[in-house]
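Step one of this worksheet: look at the structure below.
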């Protein structure tokens, strides 16, 4: 474990991978579980063919700007937070043998209210859907790269694997939450980083710094990893790959005239339903107020039975569940399904 001071400009300018002065490969902690071909492109100085769009840069900058907001919210909740020095952040480095180093900059360290020792706090911002997914599935299943990043920071700062904290903010509601990753699983994440990058180290040993000797691709075309890659055009130029086939590809083709007719039919049906649905809602609101006024759960009224139905909902404390169970056990308890539907507005 080593530390060194790095000017803030260099922190944001450095690539996801580069060759260090000692001849080894240095990988940025935030990219340590990313595409290994993409890391090789960066290290060997390939020209960026797909720079981030202005919209993507805005999202990135907004996320960076919100990180101090999350840390201040944690302080108000009773955490003792020591944020990174923005003008002179301290780099931490974890070495895996002589040929590979993974480095980065810790967002903050903190002590949880009431109990606990000092730990690394890795701050993320997520859109509403990703935030709910993170809370429900746990960081190791929803955003394993963030856990790997926190593991590197923990080992680099303390020379050992401790509990680590992922704090996240919902960019829609500005709600925030945190998850504690127990030390044993932090150690597993750190070992996973070494295992993931080992083939890249071997590639470097076999090929030197040859920019034309490319590792195999790690992700399929059409994946979010490829969509966000700054080298995707160069990588896919001769690949002849397309996005994964979808079941809808086997369906009979639909003409634009048929699609327009379907939209018109939907709009007509929707308008026809709006008035009676509104009348039903208004009538039910009136009946609910009347039943509460009567203090009765069931009444005969106008030749019909009117019942006041009560129901209970139960919630799961996912933070406690995620802390108590390893991800492979949670995967059998909290499952994820994907569905598709069409919304017409």
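The values are calculated or read from the model by the stated rules, or taken from the named source; none is laboratory data. The structure presented is a predicted model; accordingly, all values stated were derived computationally and were not measured. Note that we place each Cβ from the backbone using ideal geometry, even for glycine, and neighbour counts take in every protein chain shown.
Would you call residue 128 farther than 24 Å from residue 20 by Cα, assigned by TED's automatic domain parsing to the domain that holds residue 151, surrounded by fewer than 14 Cβ atoms within 10 Å (Cβ to Cβ) and touching a residue at least 40 places away in the same chain (Cβ under 8 Å)? Yes. Evaluating residue 123 against the criteria (1) assigned to a helix (DSSP H, G or I); (2) touching a helix residue (DSSP H, G or I) at 6+ places or on another chain (Cβ under 9 Å) leaves one unmet condition, (1).
There is at least one residue in the stretch 49-63 that is touching a strand residue (DSSP E or B) at 6+ places or on another chain (Cβ under 8 Å), exposed (fewer than 12 other Cβ atoms within 10 Å of the Cβ) and in the same structural domain as residue 226 (by TED's automatic domain parsing).
Residues in the stretch 222-260 that are modelled with pLDDT of 85 or more, part of a loop (DSSP other than H, G, I, E, B) and within 27 Å of residue 57 (Cβ to Cβ): 223, 228, 229, 230, 231. Filter the stretch 1-55 for residues that are part of a helix (DSSP H, G or I) and at pLDDT below 90 and give the result. Matches in the stretch 1-55: 8, 9, 10, 11, 12, 13. The single condition among (1) touching a helix residue (DSSP H, G or I) at 6+ places or on another chain (Cβ under 9 Å); (2) surrounded by fewer than 18 Cβ atoms within 10 Å (Cβ to Cβ) that residue 203 does not meet is (2). Looking only at the stretch 290-345, residues that are more than 30 Å from residue 136 (Cα to Cα) and part of a loop (DSSP other than H, G, I, E, B) come to 6 in all. Per the listing 316, 306, 263, the residue uniquely at negative phi and touching a residue at least 24 places away in the same chain (Cβ under 8 Å) is 263.
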